[in-house]
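Okay, structure first, notes after.
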Amino acid sequence: MLDDKVCIITGGSRGIGRAIAIEFSAQGAQVAVIYNGNPEKANQTVEECMKISGKKAKAYKCNVGNFNECSDVVKEIIKDFGTIDVLVNNAGITKDKLLLTMSDDDFNEVISVNLGGVFNMTKNCCRTFTKQRSGKIINISSIAALDGNAGQTNYSASKAGIIGFTKSTAKELASRNICCNAIAPGFIETDMTKELSANSELIDKIPLKRIGKAEEVASLAAYLCNNDYITGQVIRIDGGLTI
């Protein structure tokens, strides 16, 4: 259980991030929900979390691709909550195009948010983690990082970078009792991917014959938070798609 643990979830206003915030709250955590573009959705998530747990929850606006904004928001969260126990780096964007038509801005923005955001938030939380000699870092990668995906060279590269970052960070911080792991989801049903559940051709490729649920990813994230002997791992949750 995560009783009174202070957990930061980036990209927490919807989809997988929202599900993680709600699951952590159900386990008694206090949650800081970081969003960038939708304050209404972020506040709805916060209200749901408080209703579930009765514990403190608050939304914070931050572009995780900006180091200074990440520094400021982490300081604000520590001021409001007193510490940080868990960081979930979930925020991400897509700008899908074939490589021949992808602009350098398309590439650089996705790298900046998806991979740069992981560095920015982890770097700014590390001082607290190392000082208290404990902490959990969970980075949301993707099966696209492991197997690639046509039309997503930028996204796949950013998510693959997260895997290397996770393994190196795990080695660096293990002596301080800090665990760092990555989750690589397959096709997960969210507001952005609802149409996938009707794609019979895609479903046929998944051994479990269905799209995953955000709540299932959230349950895995909670498990990693509650385990002190798993670090540096990349755990696929894809219904067997990449077997």
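The values are calculated or read from the model by the stated rules, or taken from the named source; none is laboratory data. Everything numeric here is computed off the predicted structure, so don't read it as measured data. FYI the Cβ positions are ideal-geometry reconstructions off the backbone, even for glycines, and counts take in every protein chain you see.
Annotations for the structure displayed:
- Some residue of region 151-161 being at pLDDT 95 or above, under 28 Å from Asp106 (Cα atoms) and not in a helix (DSSP H, G or I): yes
Okay, residues lined up against (1) out of contact with any strand residue (DSSP E or B) (no Cβ under 6 Å at 6 or more places or on another chain); (2) hydroxyl-bearing (Ser, Thr, Tyr):
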| position | (1), (2) |
| --- | --- |
| Leu2 | yes, no |
| Ser13 | no, yes |
| Pro39 | yes, no |
| Asn68 | yes, no |
| Ser71 | yes, yes |
| Glu76 | yes, no |
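- Within region 111-157, tally of residues that are under 16 Å from Cys7 (Cα atoms) and among the hydrophobic types (A, V, I, L, M, F, W, C): 8
- For region 178-198, the criterion of being assigned to a helix (DSSP H, G or I), within 14 Å of Ile140 (Cβ to Cβ) and either polar (S, T, N, Q) or touching an Asp or Glu at 6+ places or on another chain (Cβ under 6 Å) (or both) is met by no residue.
- Evaluated against (1) crowded, with 24+ Cβ neighbours inside 10 Å; (2) within 15 Å of the chain's Cα centre (by Cα), Thr45 falls short on exactly one condition, (2).
- The set of residues from region 1-22 being outside any strand (DSSP E or B) and either within 17 Å of Val118 (Cα to Cα) or under 13 Å from the mean Cα position of the chain (by Cα) (or both) comprises Gly11, Gly12, Ser13, Arg14, Gly15, Ile16, Gly17, Arg18, Ala19, Ile20, Ala21.
- Test: residue in region 73-82 that is of a type in the set (D, E, K, R) and within 17 Å of the chain's Cα centre (by Cα): no
- Search result, residues across region 168-205 that are at pLDDT 95 or above and surrounded by fewer than 19 Cβ atoms within 10 Å (Cβ to Cβ): Ser168, Lys171, Glu172, Ala174, Ser175, Arg176, Asn177
- Output for region 38-51, where each listed residue is in a helix (DSSP H, G or I) and not acidic (Asp, Glu): Pro39, Lys41, Ala42, Asn43, Gln44, Thr45, Val46, Cys49, Met50, Lys51
- Verdict on Tyr155 being of a type in the set (Phe, Trp, Tyr), out of contact with any Phe, Trp or Tyr (no Cβ under 9 Å at 6 or more places or on another chain) and surrounded by fewer than 21 Cβ atoms within 10 Å (Cβ to Cβ): no
- Number of positions in region 23-37 that are over 15 Å from the mean Cα position of the chain (by Cα), part of a loop (DSSP other than H, G, I, E, B) and modelled with pLDDT of 95 or more: 3
- Among residues of region 232-243 being touching a Ser or Thr at 6+ places or on another chain (Cβ under 9 Å) and assigned to a loop (DSSP other than H, G, I, E, B), the one that is surrounded by the fewest Cβ atoms within 10 Å (Cβ to Cβ) is Gln233.
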